[in-house]
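Worksheet: the structure to be examined is printed underneath.
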Amino acid sequence: MSSDFLIDHRCKSYPLSAQPCRASEIGAKGWNVLAGDLPLPLAVLRRSALDHNLAWMQDFSARKGVSFAPHGKTTMSPELFAKQLAAGAWGLTFATMFQAAIGIDAGARRIVIANQVVCDADFNALALLLKQHADLRVWFLVDSLAQLTLIEQWAQTHPSAPCFDVLLEMGIPGQRTGCRTLQQAVELAQAISRSAAVKLGGIECYEGGVATCDSEHDSLEVTALVRRVIEAAKACDAEGLFAGDEVLITAGGSAVFDLVIPLLRMQGLSKPVRGVLRSGCYITHDHGNYSRFLKQVERREGLDESLRPALEVWSMVQSVPEPGLALLTCGRRDISYDLEMPIPLRHAARGTRQADAVPAGWKISALNDQHAYLRFDPATPPPQVGDRVVLGISHPCTTFDKWRWLPVIEDDGAVSSAVQTCF
């Protein structure tokens, strides 16, 4: 897959009047989002924030003494995967075999599929990828004897297939996948150790499901999970159930990733432990959900700052039909809304190249497919038809999947490059 991809009128918000161009050529066009050179709505990435976040998280992982395998499902962008690997990522994380194949094309050679693989077609795909790339390692999650049986049944009909690397997942009662008890985990690990179809490389968990943005609560709940995983790791190690020269212990979403560091640095096993952090949303951060969580991380870590929001969606005022209400050219097809409504950030009057902070009280109250309802105090000057409104997002994953491409802009609004997405 070429990183110098073609952008044309079939890509949403690429100018219909412009000639198609390669990603490497877009910076030479002299376009600027403040000059009205591209139709709106338009999702953009701020280069300065991207570069900062890439360096910050890699430095955080290095200082904590853990490896970093960021979750690629956030962006599904080969260009951003390449930047993460170039910044020093040990590997990449994905949720599906389809996603993993995109990451492999982008150059990743260590892949954690932080999910259960249960489909014969996916076992076929994994076997093919491992055959095509001699230097490739892929670990996926196993959390039940039923899943292990599926893998073994497939392996019986594919006698030349490789032995798959797997990680035992420890879960949380009432939450997502994963073994619920120590006994269940050890029995599964014993069965894996007897199997010719798989080999146990370590243990995985996901802590984000218990996070509430209350630091005291989150610390207690994540610590309890950490203790359960450590207990399981020690029990498996005592029985010699781990294969290979080192044990992978991996955790870390994007909300309370600092709280799993003690787990990733655990000691006391008979083999070296490689702790792998898997945060994904860090690369663009956001203006809502993760912004609130990161303030808690900053307080716990004693930081003045950490990540910066890089992803935003530009829209236009298309109608001001009544006092206190403006309709924007941005809707559910264009921007995240799964956690909360978009957040008005800046306002640029028509014909100007200056975007200032929006007045206090501006709020998006609802979204249609193609419209955002901007509410404001009817006693204050209203936005005008043709003005630009820049919207922040909460949860970047579900904005990325609405765009086939995103321009990368400088802080003055100049378009300098572009990335594609592969959802």
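Structure above, values below:
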read-out	value
Backbone HN-Hα couplings from phi across the stretch 20-26 [Karplus 6.51/-1.76/1.60, Hz, Gly and Pro as x]	x, 8, 7, 4, 5, 9, 5
In degrees, nearest ten, helix 215-238 long axis to first principal axis of the chain (Cα)	30
Among PRO344, PRO309, PRO323: highest mean-square fluctuation, GNM of the chain, C-alpha pairs under 10 Å	PRO323
Cα-Cα pairs of the stretch 240-397 separated by more than 24 Å (percent)	49
Relative contact order for the stretch 48-293, counting Cα pairs under 8 Å that sit 6 or more residues apart, in percent	19
Loop-located chymotrypsin sites (Phe, Trp or Tyr not before Pro) in the stretch 186-263 whose Cβ has at most 10 other Cβ within 10 Å (DSSP)	none
Dipole magnitude of the stretch 48-293, debye to nearest 20 (Cβ charges: Lys/Arg +1, Asp/Glu -1, about Cα centre)	340
Long-range amide H partners of MET316 with built H, under 5 Å	THR329, VAL389
Whole-number percent relative contact order across the chain, with pairs defined as alpha carbons under 8 Å at least 6 apart	20
Choice from ASP214, ASP37, ASP165 showing the highest fluctuation, given a GNM over the chain with Cα pairs closer than 10 Å	ASP214
DSSP-loop trypsin sites (Lys or Arg not before Pro) across the stretch 337-405, with at most 13 other Cβ within 10 angstrom	ARG350, ARG353
Cα-based helix-to-principal-axis angle, 145-156 vs the chain, degrees rounded to 10	80
Cα-based shape type of the stretch 48-293, given that a ≥ b ≥ c are square roots of the gyration tensor eigenvalues and the cut on a/c is 1.5	oblate
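Rule-based calculations on the coordinates, nothing more; no lab input. Please read all numbers here as calculations on a predicted model, not as lab measurements. Positions of Cβ are backbone-derived with ideal geometry, glycine not excepted, and every protein chain shown enters the neighbour counts.
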